[in-house]
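Presented below is the structure to which this report refers.
FYI, it's all coordinate maths here, none of it is from the lab. Computed from a predicted model, the values in this text were never measured in an experiment. FYI the Cβ positions are ideal-geometry reconstructions off the backbone, even for glycines, and counts take in every protein chain you see.
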């Protein structure tokens, strides 16, 4: 009777636990709100790519309606839109002895009014209305998404990268490295944020890249403090000591062992920074330190809407606010779901 030798490799593979990121993705897929939020954020990313390639809102600077045209889904009404337009007329007295062209003034005025009416009748439907120059507010909001999200997300990633790396080094190594980074943190936090932003703006200038650098270089202090505290706590735990005992280097312990267990803190701060930097872009654009005048963002739209609200023209404010609210809400919910999926306390409760 021959003995049957079983291969232990399949059983060992079956018993192998899934990785941290694979387990996090599995839990994230079970969160319906998180998946819907991910779809919304993905739609905004596709919208940005379409605008960058010129497939959508490429003609946002074209005047497609009368100034401050109200929102409409049925096409512009020439009669209603021309009622508010001043129609020139000829003089009320006979001045033909002085000006030989006087009899033609009224004829020219009527002809100009007819041409203006015909021009308005051919204009496009503007569901979000027009701005003070007659440009489509919806096209501006779509094009503004590209710059606002680029500024908010890119600046948040820069600040998160700086704060996470410096916080990890300070918390893991301590000693002179930690003292120097603490001194650097104290210098940045001792200067008011608005003065620090103005100082960087004076050095790097104006533009999208400048705004990203300004916000990224000034917004890392909050996440640095939290990441440093987490690394101080995790660097002395058993699983890190065990990794050191089997020969794992400092880089492996920082990025392969500790960082995945504190990534939920990083994600929460990232979502907060994205929201805050989108708002900061609004302030910088309003103060003239943001994007250039030939570009459009949610910040420049809100700055323009302040003067339009005095005249009762609310649609540009509503369009920029609606786009901003949808993205910010979806992004916050998505990062909350990612935080729950990566939280080691929730992983242990499974």
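Put in order of Cβ neighbour count within 10 Å, fewest first, the listed residues 307, 221 become 307, 221. Inter-label distance, residue 190 to residue 314: 4.9 nm, where each label sits 7 Å from its Cα along the C-beta direction.
Report the relative contact order of the range 198-320, percent, no decimals, based on alpha-carbon pairs under 8 angstrom and at least 6 residues apart. Value for the range 198-320: 27 percent.
Here residue 321 and residue 59 are evaluated by their C-beta separation; at R0 = 30 Å the FRET efficiency comes out at 0.80. Taking 1.002 mPa s as the viscosity and 20 °C as the temperature, the Stokes-Einstein diffusion coefficient of the range 148-283 based on its alpha-carbon Kirkwood radius rounds to 137 µm²/s. Legend: ranking of residues 185, 239, 224 from fewest to most surrounding C-beta atoms inside 10 Å; resulting order 239, 185, 224. When the alpha carbon coordinates of the range 286-329 are projected onto the principal axes, the ranges are 30, 23, 15 Å, largest first.
Among 232, 215, a tally of other beta-carbon atoms within 10 Å of each Cβ gives an order, fewest to most, of 232, 215.
Of interest is the spacing of the C-alpha centroids, which for the range 314-342 and the range 208-287 amounts to 21 Å.
Using the Cα coordinates of the range 227-330, the gyration tensor eigenvalues translate into equivalent-ellipsoid semi-axes of 47, 13, 10 Å, sorted from longest to shortest.
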